[in-house]
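Heads up: the structure comes next, in structure tokens.
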Amino acid sequence: MRPVSVYRCQACGFQAGKWYGRCPDCGEFNTIVEERTAPVRGAGAVRRIAPAADPASGTIPVRLAAVSAAGAARVHSGVAELDRVLGGGVVPGSLVLIGGDPGIGKSTLLLQASAALAREAGPVLYVSGEESSAQVKLRADRLGLAAPELFILAETQLEAIEAHVTASQPRALIVDSIQTVYLGDLESAPGSVSQVRECGGRLMALAKGRGIAVFLVGHVTKEGALAGPRVLEHLVDTVLYFEGERHATYRVLRAVKNRFGSTNEIGVFEMTDGGLKEVANPSAMFLAERPRGAAGSVIMAALEGTRPLLLELQALVTPAHFGTPRRTVLGADYNRVCLLLAILEKRAGIPLQNQDVFVNVAGGARCQEPAADLAIAVASASSYGERPLAPDVVVLGEVGLTGEVRAIGGLETRLREAAALGFTQAVVPRSSLVAGARYPLTATGVTTLEEAIGLLVG
Ligand code: TYD
Ligand code: MG
């Protein structure tokens with residue numbers, strides 16, 4: 001059979017019969033690449049449904065109640081923060097994709113996790129397509145990892161990896177990274193959409209067929225999407241992102257898709273000389289360098305999944321020297337901050353049209369929740385008036401366009417975290433307060449932004 005060329009967009013997977021400079025589907029430029037498709041072997045590619053009477057086929061409908069879920073028992077990876085993000089441990093037979101910028105620490109995390117997993121659960125095969133076995137060994141030595149059941153394989157051809165898995169029967173397989181492995185049958189280059197998708201599919205079959213947990217490392221492009229393997233996000237069971245600022249030492253592992261647990265769960269690590277250390281109390285870490293009694297600094301309690309996290313929001317308001325005032329936002333949502341500044345101007349009478357405003361979430365953290373609205377607005381008002389808040393108060397609430405303070409979720413959890421770190425007062429939406437409830441600190445309800453400003457920095 002004559003090999004057929006298809007032209008495929010490397011960003012979205014769109015397939016065309018001819019080359020385009022711009023993908024007609026997703027609109028990206030220069031992403032269409034020619035790929036030679038392997039001829040389809042045999043006409044039996046489409047599986048026919050077996051006769052319902054044949055119990056051996058495994059494709060007959062079964063009562064949900066009769067399905068055994070025994071295979072889903074979780075194994076602890078030995079890295080508690082990773083277990084938390086996975087939803088309570090590693091599920092045998094699951095396929096997990098870990099994405100992140102180059103150099104953020106994906107290989108370090110997985111090497112530490114596989115050593116711990118090898119001690120807890122049995123043999124683990126770590127396939128490195130980017131580093132030689134000696135490089136991995138050097139790193140393991142530096143991290144002080146010792147695990148007799150951890151096997152290293154420097155290989156990029158998927159057929160060979162499959163053969164080694166069949167031969168050594170590991171409990172878990174790590175592929176670092178999916179962009180370096182390739183199938184010899186396909187003519188396109190490693191890392192292209194068709195290679196990544198085919199390899200992903202084969203590894204999925206391997207995971208499900210043998211009941212081993214498979215972790216794939218995926219690199220992220222500068223736009224923030226998993227390069228090429230966006231197609232993989234649909235296929236895999238769990239997608240985790242490992243993120244953080246390169247200059248800051250802490251790293252956050254975040255679930256964006258999880259078939260075995262909740263998303264929005266985060267794990268916090270610190271990158272040290274001795275590898276990644278789990279941070280059991282991230283709130284304390286983010287508040288460590290908080291200035292006390294400084295104007296423009298407000299503490300809020302964010303909720304990441306089920307985990308409350310105290311963050312310091314900072315604002316700096318200074319007179320603008322040029323025509324259009326500047327708005328610079330780091331770690332929070334730019335449009336929300338602009339909206340809040342307009343509300344401050346209109347509803348609280350704070351003239352900001354000739355002021356530069358800089359908003360920052362301290363420590364390089366990120367906070368996109370509406371529950372941070374009130375803290376951002378109060379921080380701006382505090383900086384504008386040079387009036388610091390009391391040091392032991394947390395501020396929570398969403399702010400609407402009329403300046404009303406709206407209810408937020410998870411109030412109790414947030415207040416408990418704040419109380420645990422020594423805060424004694426909270427300013428919260430009145431509608432979130434439950435009559436008769438006992439809160440771990442003094443919670444004052446407010447209904448408008450103006451009221452909150454009067455109370456805190458008036
Ligand atoms: P790595 O795991 O290789 O990143 P990725 O696989 O995501 O590309 O992490 C490399 C970075 O981590 C590198 O910049 C050095 C840093 N690092 C430490 O600071 N301490 C350590 O113990 C290790 C192993 C790495
Ligand atoms: Mg790496």
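Derivation of every value follows stated rules applied to the coordinates shown; laboratory data play no part. Since the model is a prediction, treat every value here as computed from it, not as a measurement. Neighbour counts are summed over all protein chains in view; Cβ atoms, including those assigned to glycine, are modelled from backbone coordinates with ideal geometry.
Listing for the model above:
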quantity	calculated
R0 of 35 Å, Cβ-Cβ distance residue 185-residue 30: FRET efficiency to nearest 0.05	0.85
Spacing of the two label points (7 Å from each Cα toward its C-beta) at residue 59 and residue 273, in nm	6.0
Largest to smallest principal axis extent of the C-alpha atoms in segment 173-329, angstrom	64, 42, 31
Rounded to the nearest 20 debye, dipole of segment 300-458 from Cβ charges on Lys, Arg, Asp, Glu	100
Gain upon complete extension [residue 335, residue 259; 0.36 nm per residue less C-alpha separation]	24.2 nm
The chain: relative contact order in percent, alpha carbon pairs under 8 Å with at least 6 residues between	11
Distance in nm between pseudo-label sites at residue 245 and residue 135 (7 Å out along the Cβ direction from Cα)	2.8
Rg followed by Dmax, in Å, when the chain is reduced to its Cα trace	26.3, 81
For the chain, with +1 on Lys and Arg beta carbons and -1 on Asp and Glu, the positive-most of 182, 62, 335 along the dipole	62
In degrees, nearest ten, helix 133-142 long axis to first principal axis of the chain (Cα)	40
For the chain, size of Cβ-based charge dipole, Lys and Arg +1, Asp and Glu -1, in debye	780
DSSP bridge orientation in the chain - percent antiparallel, rounded to nearest 5	55
C-alpha long axis of helix 106-121 to longest principal axis of the chain, angle in °	70
C-alpha long axis of helix 411-420 to longest principal axis of the chain, angle in °	80
Part-to-part distance (alpha-carbon centres) for segment 272-344 and segment 251-269, which is given in Å	21
By average C-beta atoms within 10 angstrom, highest first, the peptides 185-193, 10-18, 105-113, 237-245	105-113, 237-245, 185-193, 10-18
Three-way shape call for segment 240-311 based on the alpha-carbon gyration tensor, with the a/c threshold at 1.5	oblate
Loop GluC sites (Glu not before Pro), segment 333-418 (other Cβ atoms within 10 Å of the site Cβ: 14 or fewer; DSSP)	386
Base-10 log of normalised Debye intensity for segment 342-442 (one unit scatterer per alpha-carbon) at q = 0.22 Å⁻¹	-1.33
Cys with no candidate disulfide partner in the chain (beta-carbon separation under 4.7 Å rule)	199, 338, 367
Residue 15-residue 157 pseudo-label distance in nm [points 7 Å out on the Cα-to-Cβ vector]	2.6
Contour minus Cα-Cα distance for residue 281 and residue 421 (0.36 nm per residue)	49.4 nm
